[in-house]
Amino acid sequence: MGNIPEKILKNVEEIIEKYSLFEGEKIYVAYSGGKDSLFLCLILKELGYQVYPIIIDIGYNSDWSIALENIRQIDISDGVLIGLEEVNHIMPEIMAELEENLENIKKVRRGCFKKATICTPCHNSKMLILQRWAEINNVHFIANGHHAIDVISSLLKSFYMYIDRWEYHHEEFVYENFYKLILSQKYLYSCEKDEFQKLFLYNEIINQIYAQNVGTDEPIVQYLGNTSIRMCRPLFGVLEKEIIDYFENQNIKIFNESECFVTNFRDKGMLTPRELIQYELLKNAPRSLLVCLLELAKMNLDEEGFLKFNVRNNRTKILGNIYKDESINIIKK
């Protein structure tokens, strides 16, 4: 592997330097085995960092051989693989909360929470393990592979959930209503930047960002929980297509369809709200429009790359208490 385009390397290097993402040369990377985290490992190594992947296995992927072989190919050690047995042995104090989150994954799959997605308890499980592992090992910086499309999808999900609740007067979240809303907007995301900026939609997104009703929840840097551990996103300015093109040109086997093993256990065809944004709205969006949307996403970031305001934390205020069912009290995020 190698030959990453200079433009991408420069983009990532500028993000790292501008926002002082890391201290020292040793970088731990939250590694899923998918294309994004593999690409991040490769870029950081090429920039001269000592890369140590962290794999968190909560029991949904039985074969990590391809993921491990890919990092070996770029001369990176296996890093750290944390399974449930290791968690129970090393950090037993979090097992009760972890087991609750894992049980909620099963409940979502069984349909117990009609308005919750499987992503919430899965995310909570992995972040709980990652945070505690970092505390035990005195690790202060962790990089993850979220890229520009993740950032933009988060922004637009926030926007359309606000529209669905307040403009369409849906007191409760209904997936079918949200799905129809997203489909009705697809045509707006096929134009170039200049045309998009003439739309009422463009100004409405800006207005709602200024009102702190809308914003991305994928900043360049954020703290893990109530700790001083920083989760950093060096690929913040890299488009997903650039990552896919790189691996296709290198003829490297990756998880193209989805790098989320838990999602693969969900019934096919039931995309989460964020996936609807990514695969329906943004699928054919031109590059100039994506760059424009990324600039909008930066509007709720401060000069250090942190969130100025966190829409996720204000969700109850924005969406109303009855927007989600009882799962909002059971599944914490």
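The values are calculated or read from the model by the stated rules, or taken from the named source; none is laboratory data. Nothing here was measured: the structure is a model prediction, and the numbers come from that model. As a convention, Cβ positions derive from the backbone with ideal geometry for all residues, glycine included, and neighbour counts pool all protein chains shown.
Whether a residue is modelled with pLDDT of 95 or more and of a type in the set (D, E, K, R) was assessed, and residue 150 passes this test. Residue pairs whose Cβ atoms lie under 8 Å apart, sitting 6 or more positions apart in sequence or on different chains, and linking a residue in region 163-187 that is in contact (Cβ under 8 Å) with a residue 60 or more places away in the chain and within 14 Å of residue 273 (Cβ to Cβ) to a partner that is in a helix (DSSP H, G or I) and among the hydroxyl-bearing types (Ser, Thr, Tyr), are 178/160; 182/160; 185/160. Restricting attention to region 185-219, the residues that are in a loop (DSSP other than H, G, I, E, B), within 23 Å of residue 281 (Cα to Cα) and not basic (Lys, Arg) total 14.
Screening region 60-73 for residues that are part of a helix (DSSP H, G or I) and in contact with a strand residue (DSSP E or B) (Cβ under 9 Å, 6 or more places away or on another chain) and picking the one that is surrounded by the fewest Cβ atoms within 10 Å (Cβ to Cβ) gives 68.
So for region 240-255 (the condition being modelled with pLDDT of 90 or more, of a type in the set (Lys, Arg) and either surrounded by fewer than 20 Cβ atoms within 10 Å (Cβ to Cβ) or touching a strand residue (DSSP E or B) at 6+ places or on another chain (Cβ under 9 Å) (or both)), does at least one residue qualify? For region 240-255, residues modelled with pLDDT of 90 or more, of a type in the set (Lys, Arg) and either surrounded by fewer than 20 Cβ atoms within 10 Å (Cβ to Cβ) or touching a strand residue (DSSP E or B) at 6+ places or on another chain (Cβ under 9 Å) (or both): present. Does region 143-150 contain at least one residue that is farther than 23 Å from residue 300 by Cβ, touching a residue at least 12 places away in the same chain (Cβ under 8 Å) and among the charged types (D, E, K, R)? Checked region 143-150: no residue is farther than 23 Å from residue 300 by Cβ, touching a residue at least 12 places away in the same chain (Cβ under 8 Å) and among the charged types (D, E, K, R). The residues in region 30-59 that are modelled with pLDDT of 90 or more, surrounded by fewer than 21 Cβ atoms within 10 Å (Cβ to Cβ) and either charged (D, E, K, R) or more than 20 Å from residue 134 (Cβ to Cβ) (or both) can be counted, and the count is 4. Number of residues in region 94-125 that are modelled with pLDDT of 90 or more and closer than 25 Å to residue 161 by Cα equals 1.
Taking the conditions (1) touching a residue at least 24 places away in the same chain (Cβ under 8 Å); (2) at positive phi in turn, residue 44 satisfies each one other than (2).
Which one is surrounded by the most Cβ atoms within 10 Å (Cβ to Cβ), of the residues in region 120-170 that are part of a helix (DSSP H, G or I) and of a type in the set (Ser, Thr, Tyr)? Once the filter is applied, the top-ranked residue is 158.
So which residues in region 206-235 are surrounded by fewer than 19 Cβ atoms within 10 Å (Cβ to Cβ) and farther than 30 Å from residue 27 by Cβ? Hits for region 206-235 are 206, 207, 210, 211, 212.
Please enumerate the residues belonging to region 17-51 that are in contact with a strand residue (DSSP E or B) (Cβ under 8 Å, 6 or more places away or on another chain), closer than 24 Å to residue 301 by Cβ and part of a helix (DSSP H, G or I). Those that are in contact with a strand residue (DSSP E or B) (Cβ under 8 Å, 6 or more places away or on another chain), closer than 24 Å to residue 301 by Cβ and part of a helix (DSSP H, G or I): 37, 40, 44. Take residue 76 and tell me if it is closer than 20 Å to residue 229 by Cα, touching a helix residue (DSSP H, G or I) at 6+ places or on another chain (Cβ under 8 Å) and either surrounded by 14 or more Cβ atoms within 10 Å (Cβ to Cβ) or aromatic (Phe, Trp, Tyr) (or both). Taking the combined requirement at face value, the residue does not satisfy it.
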